[in-house]
Amino acid sequence: MKVLLIHNYYKWSGGEDHVFLSEKALLENHGHEVLIYTKNNNELEKMNPLILGSKTIWNHDVYRELSEFVKKTKPNVVHFHNTFPIISPSAYYAIKKKNIPIIQTLHNFRLFCLNSNLLYQQNICEQCMGKLFPWKGVLRSCYRSILPSLTLSAMNITHQILNTWKKKVDIFIALTDFSRQKFIEGGLPDNKILIKPNFFKSELQIKKRIGEYALFVGRLTDEKGINIIISAWENLKIKIPLKIIGDGPLYSKIKKQNKEIEFLGQISRDHVISFMAKAKFLILPSICYENFPMTIPEAYSNSLPIIASNLGVMSSLIINNKTGLHFKAGDSKDLASKVEWAWLNPCEMIRMGENALKEYKTKYSEEINYKMLMNIYHEAI
């Protein structure tokens with residue numbers, strides 16, 4: 001099968017970029033011809049804001065480039081990951097003009113939430129869901145500032161009126177049942193949304209160490225709950241080493257002198273996995289719903305239990321007292337309590353780690369994911 005993958009890379013590399021590359025490798029490893037069309041948000045620094053605003057709604061250059069590209073290459077199916085902001089929804093029209101099936105993975109909630117994570121001032125917010133004009137999101141400058149919020153809103157309004165997503169996309173991929181329900185509430189047709197989780201390729205080695213430290217991996221932003229971790233460590237009654245991996249806008253603000261916390265910055269994926277192999281547990285303290293954090297299958301494949309916010313998909317993907325522990329979202333004292341219990345009960349954490357590995361084998365392995373992806377491609381075709 002000849003597959004065209006389309007993705008707009010983010011300035012701060014994250015899970016979506018990693019999923020795009022992982023699925024590319026997955027298809028290539030199974031003998032498929034993989035074509036790619038990408039843009040990178042590093043290009044934004046050279047772009048005039050007014051031109052960017054126009055391209056976000058409809059990028060004529062992308063439309064022409066993709067029209068020519070698919071005319072020459074003739075892919076069997078086109079799989080979109082992210083189009084925002086440079087590629088734009090004009091790409092769907094270029095593909096559909098040639099009657100090629102389109103799949104869109106729904107990595108976030110940007111189609112009906114300007115900041116993409118259903119969060120406002122560190123609280124869950126769904127006030128713009130199902131509305132043609134998200135005026136509250138614009139007034140609150142939910143995407144960076146007022147002008148970018150207006151631009152994103154204009155893009156969404158334009159393509160809702162044109163019925164772009166309903167008419168041009170053949171199948172949407174939601175990563176969990178929870179997110180699928182949210183997308184239906186947001187207005188996407190339920191008969192077009194299938195579920196396929198993310199996956200992680202692993203050697204499946206059972207971890208035998210008790211673990212040397214707690215670990216956080218992710219972008220250093222408010223919605224990822226990094227401040228909750230910092231506050232929790234100030235409430236600990238015992239000394240517990242913590243390693244924080246990642247970068248982001250809050251890096252310089254939260255990095256401070258604390259001998260129990262080590263900031264490692266952004267490191268390669270292979271190095272992340274090596275740190276997971278020696279950790280006692282992973283902490284996932286997000287205060288937003290999340291969609292499907294890649295750290296979950298990565299941790300599970302390393303027999304690493306997770307202490308996570310009892311919120312959205314995390315409350316179902318992490319099974320309390322089986323593959324990890326839940327704590328009340330945003331509650332640093334509750335997180336501190338769970339961290340202390342986990343540290344003082346290593347045998348229980350080993351048991352949860354063994355369960356996590358079983359969960360990985362049955363749901364998030366490479367082969368299982370490949371079969372699911374092929375079923376979706378064949379259905380679209």
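The values are calculated or read from the model by the stated rules, or taken from the named source; none is laboratory data. Quantities reported herein were computed from a predicted structural model and do not represent experimental measurements. So basically every Cβ, Gly included, is an ideal-geometry build from the backbone, and we count neighbours across all protein chains shown. With ligands, DNA and RNA removed, areas are computed over all heavy atoms of the protein, side chains included. Shrake-Rupley method; radii C 1.70, N 1.55, O 1.52, S 1.80 Å.
So, with a 1.4 angstrom probe, what is the percent of accessible area on the chain that is carbon and sulfur?
Values: 8600 of 16680 Å².
With neighbouring chains kept in place, the figure for the chain is 52 percent.
Cα atoms only: what Rg and Dmax, in Å, come out for region 149-285?
20.2, 58
Working from the pairwise distances between different alpha carbons, so that the mean of 1/r is found and then inverted, what is region 230-370's Kirkwood radius in Å? Intermediate results must be reported in sequence, preceding the final value.
Working: mean 1/r = 0.0642 Å⁻¹.
Taking every pair of different Cα atoms in region 230-370, averaging 1/r and inverting gives 15.6 Å.
Any chance you could check the Cα centroid distance between region 318-339 and region 73-130 for me, in angstrom?
32
May I ask you to give the solvent-accessible area per residue for region 109-265, in square angstrom, as obtained with a 1.4 angstrom probe? Please list the in-between numbers first.
Numbers: 7750 Å² over 157 residues.
Per residue, region 109-265 has an accessible area of 49 Å².
Reachable aspartates and glutamates from LYS201, Cα under 17 Å, same-chain residues fewer than 8 places away excluded?
GLU16, ASP17, GLU23, GLU28, ASP270, GLU298, GLU359, GLU366, GLU367
Over the Cα atoms of the chain, what Rg and Dmax result, in angstrom?
When restricted to the Cα atoms of the chain, Rg and Dmax are 21.0, 65 Å.
Count the lysine pairs in region 25-162 whose Cα atoms sit under 20 Å apart, keeping only pairs 8 or more residues apart in sequence or on different chains.
Taking region 25-162 as the scope, the lysine pair count is 16.
From the Cα gyration tensor of region 223-295, with a ≥ b ≥ c the square roots of its eigenvalues, which class applies: rounded if a/c is under 1.5, or else prolate if a/b is larger than b/c, or else oblate? Please report the intermediate quantities before stating the final value.
Working: a/c = 1.34, a/b = 1.14, b/c = 1.17.
The shape class here is rounded.
Pairs LYS196/LYS361; LYS224/LYS338; LYS333/LYS361; LYS182/LYS361; LYS192/LYS371: which exceed 25 Å Cα-Cα? It would help to have the intermediate numbers written out before the result.
Details: LYS196/LYS361 15 Å; LYS224/LYS338 18 Å; LYS333/LYS361 33 Å; LYS182/LYS361 27 Å; LYS192/LYS371 19 Å.
Violating the 25 Å Cα-Cα cut-off are LYS333/LYS361; LYS182/LYS361.
Students often check this: by mean Cβ neighbours within 10 Å, which of 316-322, 280-286, 148-154, 236-242 ranks highest, and how do the rest follow?
Working: 316-322: 17.0, 280-286: 25.7, 148-154: 20.0, 236-242: 14.0.
The peptides rank, most packed first, as 280-286, 148-154, 316-322, 236-242.
I'd like to compare 172-185, 155-168: which one has the highest average count of other Cβ atoms within 10 Å, and what's the full order after that? Could you put the intermediate results ahead of the total?
Working: 172-185: 19.1, 155-168: 16.5.
Highest mean packing first, the order is 172-185, 155-168.
Divide by every residue of the chain the summed helix terms, -39500 (n - 2.57) for each DSSP H run of at least 4, and state the resulting mean residue ellipticity at 222 nm, rounded to the nearest 500 deg cm²/dmol. Write down the numbers at each step before the final one.
Numbers: 16 runs with 160 residues, N = 381.
Roughly -12500 deg cm²/dmol at 222 nm, from the helical runs in the chain.
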